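Colleague: Pasting in a structure now, in structure tokens, and then I'll have a few things to ask.
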Amino acid sequence: MNYNNILIETADNIAVLTINRPDQLNALNSETIVELSSAFKSLEADISVKAIIITGSGTKAFVAGADIKEFYQFDVAQGKELAAKGHQTLFNLVQNLTTPVIAAVNGFALGGGLELAMSCHFRLASDNAKLGLPEVTLGVIPGYGGTQRLAQLVGKGRAMEMIMTAKMITAEEACSYGLVNQITTQEELLGTCQKIALKIVKNSSVAIAGAIRAVNAGYIDGVNGFETEIEEFGKCFGTEDFKEGTTAFIEKRKANFN
Ligand code: COA
């Protein structure tokens, strides 16, 4: 697929995916959502890619939200379809990707932008970042999973306050809430994410995929995360990575996972 709105660069088993609509603060229009979905699927299928970093182009925004200009004239059915398609096409896909995804939040992460960052497995932010779910200022609610994922990440009370007030929080506040793991300068953000990704790619990607499935299972209604953990733990014992990892330990050498 040819991409008009995103850039992908891969090195050292790490792909950097950049949303590239800086003049629109990287707002997520439907074409960008389809392109991101396609890119995530092909990166997941590429066994040489063991970690993905997603960021926004320019110095101002990660993503300033879903593209308001695209949906402001929608009716009830179109609104519902917009949310449903978004969940299915991109946001659930990213959450459940078995390749680790790190969000490098390099500026505004608002509405769909924060929802995209929250779909990722974890987040780092630059010190100029501003994060929020301002949808109620537009007469709408977060529709790409924000009501659920924000409450899961920061707790129900903080999520309610952020959604009701529509306030933007600073990177420091986001870090103290546990919404982002670390803050860096804007210049150091990608490098810091890459350093973390380099640690990840040295480990067993098969085991990491199992761990992602097990952690995510705890957030699915009707699924027992502990049961999923037992299943995934057992499955590891049949893998080459398990043989290599444990043999390397016994032989007092570093494991070499493919
Ligand atoms: N959808 C569509 N276009 C958007 C957008 C969005 N979510 N966010 C920003 N843009 C566009 C602006 O319309 C403007 O385009 P234009 O120059 O063609 O008019 C461009 O990006 C730059 O934005 P601008 O508002 O001029 O920048 P700013 O620095 O004054 O303000 C924000 C930055 C983020 C505070 C402001 O753009 C904003 O409030 N955006 C909407 C945030 C939002 O409500 N997101 C949730 C959507 S559900």
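The values are calculated or read from the model by the stated rules, or taken from the named source; none is laboratory data. Quantities reported herein were computed from a predicted structural model and do not represent experimental measurements. So basically every Cβ, Gly included, is an ideal-geometry build from the backbone, and we count neighbours across all protein chains shown. Calculation scope for accessible area: heavy atoms of the full protein, side chains included, ligands and nucleic acids excluded. Shrake-Rupley method; radii C 1.70, N 1.55, O 1.52, S 1.80 Å.
Colleague: What shape does region 205-250 take by its C-alpha gyration tensor, where a ≥ b ≥ c are the square roots of the eigenvalues and a/c under 1.5 counts as rounded, a/b above b/c as prolate, and the rest as oblate?
Modeller: On the way: a/c = 3.61, a/b = 2.69, b/c = 1.34.
Since a/c reaches 1.5 and a/b is larger than b/c, the shape of region 205-250 is classed as prolate.
Colleague: Could you derive backbone 3J(HN,Hα) for region 224-238 from the dihedral phi with the Karplus parameters 6.51, -1.76 and 1.60 (θ = phi - 60°), listing whole Hz in sequence and x where the residue is Gly or Pro?
Modeller: Values, residue by residue: 8, x, 5, 5, 4, 4, 4, 4, 5, 4, x, 4, 4, 5, x Hz.
Colleague: Still on this structure, please answer the following. P(r) of the chain in 10 Å steps, Cα pairs, percent per bin?
Modeller: With 10 Å bins starting at 0, P(r) equals 7, 30, 36, 20, 6, 1, 0.
Colleague: Here's a follow-up. Could you sort MET160, MET1 by their accessible area in this structure, using a 1.4 Å probe and putting the largest first? Intermediate results must be reported in sequence, preceding the final value.
Modeller: Details: MET160 90, MET1 130 Å².
The ranking, largest first, comes out as MET1, MET160.
Colleague: Right, another one. Gaussian network model of the chain, Cα springs within a sub-10 Å range: biggest mean-square fluctuation belongs to which of ALA207, ALA61, ALA51?
Modeller: Checking each option, the largest mean-square fluctuation is seen for ALA207.
Colleague: At a Förster distance of 45 Å, what's the computed FRET efficiency of LYS80 paired with LEU198, Cβ-Cβ distance as r, to 0.05? List each step's numbers first, then the result.
Modeller: On the way: r = 42 Å, r/R0 = 0.93.
The calculated FRET efficiency here is 0.60.
Colleague: Provide the per-residue ³J(HN,Hα) series for region 22-35, in order, calculated from phi with Karplus coefficients 6.51, -1.76, 1.60 and θ = phi - 60°, each as a whole number of Hz, with x at glycine and proline positions.
Modeller: So the Karplus estimates, Gly and Pro as x, are x, 5, 10, 6, 6, 4, 8, 7, 5, 5, 5, 4, 5, 5 Hz.
Colleague: Quote the FRET efficiency, to the nearest 0.05, computed for ILE250 versus THR98 with a Förster distance R0 of 25 Å and r equal to the Cβ-Cβ distance. If you can, show how the numbers build up before the last one.
Modeller: Numbers: r = 28 Å, r/R0 = 1.11.
Step by step, r from the Cβ atoms, then E = 0.35.
Colleague: Work from the charge dipole of the chain (Cβ charges, +1 for Lys and Arg, -1 for Asp and Glu, about the Cα centre) and give the residue of ILE54, CYS175, LEU93 farthest towards its positive end.
Modeller: CYS175
Colleague: If you count only protein heavy atoms and use a 1.4 Å probe, how large is the accessible surface of GLU70, to the nearest 10 Å²?
Modeller: Only protein atoms counted, so the area is about 80 Å².
Colleague: A follow-up question, please. Would you calculate, for the chain, the mean residue ellipticity at 222 nm contributed by helices, counting each DSSP H stretch of 4 or more residues as -39,500 (n - 2.57) and dividing by all residues, to the nearest 500? Don't skip to the end; give the middle numbers.
Modeller: Details: 12 runs with 122 residues, N = 258.
The per-residue figure over the chain is -14000 deg cm²/dmol.
Colleague: Another one. How many percent of DSSP beta bridges within the chain run antiparallel, rounded to 5? Walk me through the numbers before you get to the answer.
Modeller: Values: 8 of 30 bridges.
Just about 25 percent of them are antiparallel.
Colleague: Compute the long axis of helix 186-201 from its Cα atoms, compare it with the longest principal axis of the Cα atoms of the chain, and write down the angle in degrees, 0 to 90, nearest 10.
Modeller: 30
Colleague: Taking the chain as a Gaussian network, where each spring joins two C-alpha atoms under 10 Å apart, which residue of GLY112, GLY191, GLY222 fluctuates the most?
Modeller: GLY222
Colleague: Mind telling me which of ALA166, ALA217, ALA77 comes out most flexible in a GNM of the chain, alpha-carbon contacts under 10 Å?
Modeller: Of the options given, ALA77 has the highest mean-square fluctuation.
Colleague: Mind checking the dipole of the chain: about its Cα centre, +1 per Lys or Arg Cβ, -1 per Asp or Glu Cβ, Debye to the nearest 20? Walk me through the numbers on the way to the answer.
Modeller: Working: 22 positive and 28 negative charges, 84 e Å.
So the magnitude is around 400 debye.
Colleague: If you don't mind, another one. Leaving out same-chain residues fewer than 8 places away, which aspartates and glutamates sit with a Cα under 20 Å from that of LYS252?
Modeller: GLU240, ASP241, GLU244
Colleague: Something else about it: Heavy atoms only, probe 1.4 angstrom, no DNA, RNA or ligands counted: give me GLU44, GLU244 ranked by accessible area, highest first. Numbers along the way, then the final one.
Modeller: Working: GLU44 65, GLU244 40 Å².
Descending accessible area places them as GLU44, GLU244.
Colleague: Hey, another quick one. Answer rounded, prolate or oblate for region 45-94, using the Cα gyration tensor with square roots of eigenvalues a ≥ b ≥ c: rounded when a/c is under 1.5, else prolate when a/b is larger than b/c, else oblate.
Modeller: Values: a/c = 4.47, a/b = 1.50, b/c = 2.98.
Cα axes put region 45-94 in the oblate bin.
Colleague: Sort region 18-124 into rounded, prolate or oblate with this rule: let a ≥ b ≥ c be the square roots of the eigenvalues of the Cα gyration tensor; rounded if a/c is under 1.5, and if a/c is not under 1.5, prolate when a/b is larger than b/c, oblate otherwise.
Modeller: Verdict is oblate for region 18-124.
Colleague: Can you sort PHE74, PHE226, PHE237 by solvent-accessible area, 1.4 Å probe, largest first?
Modeller: Values: PHE74 85, PHE226 160, PHE237 110 Å².
The most accessible residue leads, giving PHE226, PHE237, PHE74.
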